[in-house]
Amino acid sequence: MNFLNLAQNILSILSSAMLYPVMILLIVFFIWVIITTGGFVSEYLERRKHARRQDVKEFIESFMLSSQRAVFSDDPILQLRLQEIPEMLWYFREYFKELAGELKKSKSGKETRVEYLLQSKEQKMTRSLDKLRLMIRAGPALGLMGTIIPMGPALSALSQGDLEKLSSNITIAFTTTVVGLAIGITAYFLSTVKNRWIHEDIKNLEYFTECIMKDEE
């Protein structure tokens, strides 16, 4: 019996000690989600503005047509074309330079190197969703922890008739739940839309690579 009481006291102390770290993490994650949402809105507006002017596929075809065989030279016209690439297509400009470096090397194993470069780029773009995926799970989990932890002291306060302490713990339990769910829902929405954008970007990179490889042949 003494051992059970000791274990219960230890677990109670550990549980209570975790409340403040959980609340701090919820605040940090909530601020991070707000910042991420701001970046998301900015990217959305940029993509929408560019989509009205020119489709990405049309842009790639226009880029290839104007560059022709000088695609990987240091031609000033090509450099001007690179500067015309919209900010939302930053991945395209970066990939273009890396692909140029690979194709300037020996022709031996060229296709393998290009395929590896493309897969590495796709993996890097997909990895940008890792933080949002973490928030999808961590937000509600922290909210649940913030709900359960104060319930013990709340029930104890109820049995002792301490309504002030009961009210304080119940308030913490409800607010942490709401914040945790808000983090999870927002992160899920952002992750869903950004995942669609990334797949579209990957498709554009694959199309551009195929055009380049055909031109090289």
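The values are calculated or read from the model by the stated rules, or taken from the named source; none is laboratory data. Just so it is clear, the structure is predicted and the values come from calculations on it, not from any experiment. Here Cβ is always computed from backbone atoms with ideal geometry, including for glycine, and neighbour counts include all displayed protein chains.
Across segment 165-217, which residue is modelled with the highest pLDDT among those that are farther than 30 Å from Phe29 by Cβ, of a type in the set (A, V, I, L, M, F, W, C) and more than 20 Å from the chain's Cα centre (by Cα)? Among them, the one singled out is Phe208. Only residues that are more than 16 Å from Arg127 (Cα to Cα) and in contact (Cβ under 8 Å) with a residue 12 or more places away in the chain were counted across segment 187-217, and they come to 11.
Only one entry in Phe29, Phe59, Phe92, Phe63 is aromatic (Phe, Trp, Tyr), modelled with pLDDT of 75 or more and surrounded by 11 or more Cβ atoms within 10 Å (Cβ to Cβ), namely Phe29. Suppose we keep only residues that are of a type outside the set (A, V, I, L, M, F, W, C) and surrounded by 19 or more Cβ atoms within 10 Å (Cβ to Cβ) within segment 123-146. Which one would you say is nearest to Ser167 (Cα to Cα)? Only one residue tops the list, namely Gly146. Looking at this structure, is Ile149 under 30 Å from Ala17 (Cβ atoms) and under 23 Å from the mean Cα position of the chain (by Cα)? Criteria not met by Ile149. Just one residue in the set Thr186, Thr192, Thr209 is surrounded by 19 or more Cβ atoms within 10 Å (Cβ to Cβ), over 20 Å from Gly152 (Cβ atoms) and of a type in the set (Val, Ile, Thr); that residue is Thr186. Of all residues in segment 110-129, one or more are over 24 Å from Lys194 (Cα atoms), modelled with pLDDT under 80 and out of contact with any Cys (no Cβ under 9 Å at 6 or more places or on another chain).
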